[in-house]
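What follows draws every value from the coordinates through simple rules; no lab data is involved. Model, not experiment: these values are computed from the prediction. All Cβ positions, even for glycine, are placed from backbone atoms using ideal geometry, and neighbour counts span all protein chains on display.
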Amino acid sequence: MKEKGITIEESDSFQTIFTKYGAMALDKQESLAELIGENEGKLDIEKGTLSFSDELNFDINILGTLSVENNKWHWAWDNEEVGFPEKLIREAEEVKKIGEKYDISHFTTNIFDADLTHCHIIAMTVSGIMDDSAYYAVDYDDILIFVTIKPGAIPHDDTIERFINVYNRFQKEFDVKARPAFEGYTKLRGYHYKEKDEFSVAKINESRVIVGFTERGKFSHIQTMLE
């Protein structure tokens, strides 16, 4: 029987979607951070690129903006006044369609209150859903422009150590349910997932990562069986 993949379902809230896709997005953010080091990204809207050096240039999509002055998120698909190139907002438009299909107001409300942390969670969620390489926030004085880097652009660390470290960080630092987060991350990594009453298992080649949970579904411990 084929294992069920990670998808958005009819009953999913924004928080549920973030729980499913967020750890994979966090993993990719760490890959980006390792690649760019201390370099700051420069956005060329006309070319549709984000550059960190002469050698590090990425094609991007524009998700939206955060007004630092009044803490307002503004989706790029609401583009009449801003005038971003149409080719750069297609992903944002796709996100809006997802929001309309699954009744996710985060994706269909053009402007809403959001602090910086909230905007990073929005960007993580979208980059996870769309399988982007990563996202980045470009500082334009009092405006942050959130962009995603198109898929396949950044090398990825596939070690078990990375998998464990990212999952641990994700379930500790974010308000997510530990078991669905582990399932989402495991499957999006392409690993086999099995679930028992008190624990879940990620099969990584011949090795296993086992995560235990309390009766209420809280994270309790993690262990590995390496082969």
statement: Between Glu46 and Lys101, the two model label points (7 Å from Cα along the beta-carbon direction) sit apart by a distance in nm of 3.7 nm
- request: Compute the acute angle (0 to 90°) between the alpha-carbon long axis of helix 14-36 and the principal axis of greatest extent of the alpha-carbon atoms of the chain; round to the nearest 10°.
  value: 80 degrees
- prompt: How far, in degrees from 0 to 90, does helix 116-129 lean away from the longest principal axis of the Cα atoms of the chain, to the nearest 10?
  reply: 70 degrees
message: Suppose only helical runs count, i.e. DSSP H with n ≥ 4. What mean residue ellipticity at 222 nm does that imply for the chain under -39500 (n - 2.57) per run, divided by all residues and rounded to the nearest 500 deg cm²/dmol?
response: -11000 deg cm²/dmol
statement: Compactness check, the chain: C-alpha Rg relative to the 2.2 N^0.38 Å globular estimate gives 1.05
field: Residue-span extension gain [Asp158 to Asp59] - 0.36 nm each, minus C-alpha spacing
entry: 33.3 nm
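Highest first, please rank the peptides 173-186, 122-135 by the mean number of other Cβ atoms sitting within 10 Å of their residues.
On the way: 173-186: 19.9, 122-135: 23.6.
Packing proxy ranking, top to bottom: 122-135, 173-186.
Under the √(5λ) rule applied to the eigenvalues of the Cα gyration tensor, what semi-axes describe the equivalent ellipsoid of the stretch 14-149? Give them in Å, descending. Walk me through the numbers before you get to the answer.
Working: eigenvalues 93, 63, 40 Å².
Over the Cα atoms of the stretch 14-149, the ellipsoid semi-axes are 22, 18, 14 Å.
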- request: Please give the helix 90-102 orientation as an angle from the longest Cα principal axis of the chain, in degrees from 0 to 90, rounded to the nearest 10.
  value: 60 degrees
message: Starting from the 7 Å offset along Cα-to-Cβ, what nm value, one decimal, do you get for the label separation of Ser220 and Ile143?
response: 5.2 nm
query: lysines near Lys97 by alpha-carbon distance under 30 Å, same-chain residues fewer than 8 away left out - which ones?
result: Lys2, Lys4, Lys20, Lys28, Lys42, Lys47, Lys72, Lys87, Lys150, Lys177, Lys187
message: Using only the Cα atoms of the stretch 160-225, what semi-axes does the equivalent ellipsoid have when each is the square root of 5 times a gyration tensor eigenvalue? Give whole Å, largest first.
response: 17, 13, 11
query: What does the highest-first list of 25-35, 7-17 look like by mean Cβ count within 10 Å?
result: 25-35, 7-17
statement: So for the stretch 116-179, using the alpha carbon gyration tensor with a ≥ b ≥ c as root eigenvalues (a/c under 1.5 gives rounded; past that, a/b versus b/c decides prolate or oblate), I'd call it oblate
